[in-house]
Structures are given as C-alpha cells and as structure tokens.
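Scroll down for the structure; my scribbles are underneath it.
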Amino acid sequence: MTMPLRGNRDFRLLWLSGLFAVLGGQMSALALPLLVLKETGSAVQAGVVGTVSVGAVLITMLPGGVMADRVERRRLMRVCDVGSLTVVTVLAAAVWSGHAPMPLVLLVAGAGAVISSVYGPAVFGLMRAVVPAGQMGTATARLQARTQTARLVGPLVGGALFGIHPALPFAAQALGLLLSTVCVALVRTRSRARKTAGAVFSKGELMAGLTFLWRIPYLRTVLLVFGLGMNFAFGALTFTALTAFSEGGRSGIGGGFVITCVSAGALIGALLAPRISPDRHSRVLIVATCWTCVAAAGVMAWISVPLVAGVMCALCMCLSTIASIGFLSKLLIVTPEDRVGRVQSAAGFLSSMVQPFGPLAGGALLTAFGARWAFGLTGCVLAVSALFVTFAPSARAEPSPHEAGEPAGPPEPVAEPARGPGSGHVPEAGHTPAGANRAAPGG
C-alpha cells in the first residue's frame, strides 16, 4: 500500500524547504529593482536587473539540466545553496552598509539565475525518487499551491520590509535560505549520479533533453503549441488587459485588479488540482484551457470592464495551472530517471523562449489597432493553437512510461545517512508544461 504524501517525510521536507526559499526569493525579486531605482533613479537600470536574470536563465538552463543528471542531485542542491546563501548575504551586508554598487547587484541577479537553472532540474529529479509515480500529480499540485501562496504574500512582506530598511528583504531571504538548507539536510533520499564517458557539456549532452521531447509526438506538440504558442499569446493578452484597463497609465486600479485575478486563479487551480487527478486528464484540461483563453479574448474585445476581464483571466489561469500540473506530472513519470534533469530543463527552455515577446506583441497591437482589435487578433492566435491541440493526431496520443522506455514506477531510492546543508531556489510546478514560473497558460 502506498504511503500518503502527508506521511512522506522527505516530501514534507522538500515542500518546507521550498516554502522558505520561495518566500525569500519573492521578497528580493521586488526589492532588487526597487533598490536600483532608489540608488540610481533610473528606471532603465532597474529594468536591466530583470534582463540579466532572464538572459542568464536562458543561457544556463540546458547546461543546468546536464549537471542535474551528472551529479548526485541532493549533493548538487547543497552546492547551490551555499552559493545562494553567500551572494545574498554579501548583498544584504552591502545594502546595510549603505554601499551597493550596480555591478554587485547585477552579479547577484545573474548568480541567482544561474544557480536556479542548476537547482531546478536537480530538485525535480530528486522528487522523482521521493514521490511514487501514482502521487506525482498531487505532489506537483501541492508544490504549486505553496509557490502561488508565496507569490501573493512575498512581495507584500518584501515591500513592507524595504520601506523599513532596504537591507531587510535580503536579510529575510538569507534567513529563508538558511532554514531551507536545514530542511534539505534532513532529506534521506538520494538519486543515482549518472556515470557517462565523454565531455560533460558536449552537444549530445546539451541536446539530450530536447531530443527526448522531440522523439515523442505528444510531448513535442504540447510544448510547441501549448508551451510556446499559448504562452506567447496569453502573455500578450494579459499585458493588453493591464495596459488597456489602466487608462493609459492614469490609474493602476483596473490593471492591478486583472493581474491580481491572474495570481488568484493560479492559486485556486493549484488547490483544486489534487481533487481531479490532472495527470490522468491532462489532454482534456489542455484543450479546455486553450478554448477558454479564446473565449476570454473574445469577451474582453467586446466588454471593456475590468471586473469581467479579471474573472476571465482568473478562469484561464485556474485551468492552465491544473493542466500544466497534469502535463508536468506526466512528463516526470514518462522520462527515464537518468534524463529527468535534462528533459525538465529542456522543457523549461522551450517555454521560456517566448516569455519576453508576449507583452511586446501585446503593446504593439494595442498601439497600432486599439484595445478591441488587439484582443481580437490575440484571440485569433489563441484559436489557432486551440484548433491544433484539439484535432492534431499527435496531441491525442498521450505517452506511457512503457513507450518512453521506463517502468511505470520510480526507481528505488538510494538511502544513506543525511549530511550537510542544502536547498535554495526551488523550482515551481507552475503555469507551464515546463513547470517554470510564468504568467501564461501553457508556457
């Protein structure tokens, strides 16, 4: 008989470690650009922080997956934690002393992104050994509920602490990383390190995850259509709503309400997911999400009311979160244990590629054609994606572990006495098939 997740000691520890780390990360994510804005008065330099983070993630995501498969994953998580705690502590001390130069801020932003690229695939690989295949959907849903709660609470707490003293959000993140480290130090499960001859970062190693995804038609189709296409279009849709309902920047109430509804929808979806076994109904949920997004675009094109737009975006995010949890669970189950890191990072890479361009496209359409046509044209892109995932034969053939060359259950974990510290930037089972932290369905 399978032990319930609430009785799974190692899963509880991983969940807690992520809660501490994500809360701290959300505080500093708000505080970092505010710090630059306070020190320099330049919005451009504040925006550079985000650009450096996104660029570092995209560059290091695939190598991070290779590392997660080559090194024993818990040990790798410990190394990442030491790096995270070090850079955050240095920044907190610099801010407290009143001197935080821009190069140091960018170094911290870039280092945090690089460490996350390595840590994310490692923790998903370790979870594969900690959680039985039949409970993967519930486990990823609980991780996502935790993350969405931290997203709602973290920025508020971080903003309040920044108002007291700019160093406090970073000190709080350092404390969170320390507590997270203690939790992972107590995890007993180990994953087997993959021993392979040849260069670690050879082309074959870097492309192994993408090759695996491309070889299975269902995974390839869902990631390209639901991951890339829907993520791009929904990013444009939400940015258009944010801009249009903010009255050209004269009021932030309408746009802020829409974004709040998006976050609330993601949290509700994460809380509902364990009740409906999303890993068993992932295709139905993906199709429902796509068509709901089409309907949302049509409604917003004709009814320019923030309340209506917020409700429709919340519904889209709710369904998207459930569908993405189901897809991620299936991805983790069908991926061979020795490739979990590279496949997870490859899926995240594909879903992240279009992240910066959705808002750009939404802004361009809004400027050129106005709100109604911007919503309508975005809806057309969403409709193409919805038609494809509904009728394409490859989108109907869901893979099984047998087809992927892996037994249905997870491998036997390698147990050894717990030692040393470990945890930091915990990945999110999030809004996307890749499990990355996005604000759009499918991507």
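The values are calculated or read from the model by the stated rules, or taken from the named source; none is laboratory data. Fair warning: this is a prediction, and the values are worked out from it, not measured in the lab. In this analysis, Cβ positions are derived from the backbone assuming ideal geometry, glycine residues included, and neighbour counts consider all displayed protein chains. Ligands, DNA and RNA are excluded from the accessible area calculation, which covers all protein heavy atoms including side chains. Shrake-Rupley method; radii C 1.70, N 1.55, O 1.52, S 1.80 Å.
Shown is the FRET efficiency for Ala364 and Trp96, computed with R0 = 45 Å from the Cβ-Cβ distance and rounded to the nearest 0.05: 0.60.
Computed over the alpha-carbon pairs of segment 1-62, the distance histogram in 5 Å steps reads 4, 15, 14, 14, 15, 12, 9, 7, 5, 3, 1, 1, 0 percent, short to long. Among Val88, Leu35, Pro101, which residue has its Cα positioned farthest towards the positive end of the charge dipole of segment 1-102, with +1 placed on the Cβ of Lys and Arg, -1 on the Cβ of Asp and Glu, and the dipole taken about the Cα centre? Going by the Cα projections, it comes out as Val88.
Listed values for segment 16-28 are Karplus-derived 3J(HN,Hα) couplings in whole Hz (6.51 cos²θ - 1.76 cosθ + 1.60, θ = phi - 60°), namely 5, 4, x, 4, 4, 5, 5, 4, x, x, 5, 4, 6, and x replaces Gly and Pro. With every protein chain in place and a 1.4 angstrom probe, the accessible-area ranking of Val284, Val340, Val305, largest first, reads Val284, Val305, Val340. Using the Karplus relation 6.51 cos²θ - 1.76 cosθ + 1.60 with θ = phi - 60°, the per-residue 3J(HN,Hα) values for segment 117-130 come to 5, 8, 5, x, x, 5, 6, 5, x, 5, 4, 4, 7, 7 Hz, with x marking Gly and Pro. A crude spin-label estimate for the pair Ile276 and Leu186, with each label 7 Å from Cα along the Cβ direction, gives 3.5 nm. Once the C-beta distance of Thr86 and Thr149 is scaled by a Förster radius of 25 Å, the resulting FRET efficiency is 0.35 to the nearest 0.05. If you sort His165, His281, His99 by accessible surface, 1.4 Å probe, largest first, the order is His99, His281, His165.
When +1 charges are put on Lys and Arg Cβ atoms and -1 charges on Asp and Glu Cβ atoms, the dipole computed for segment 1-101 relative to its Cα centre reaches about 380 debye.
On the beta carbon distance between Ala288 and Leu37, with R0 = 51 Å, the FRET formula returns roughly 0.80.
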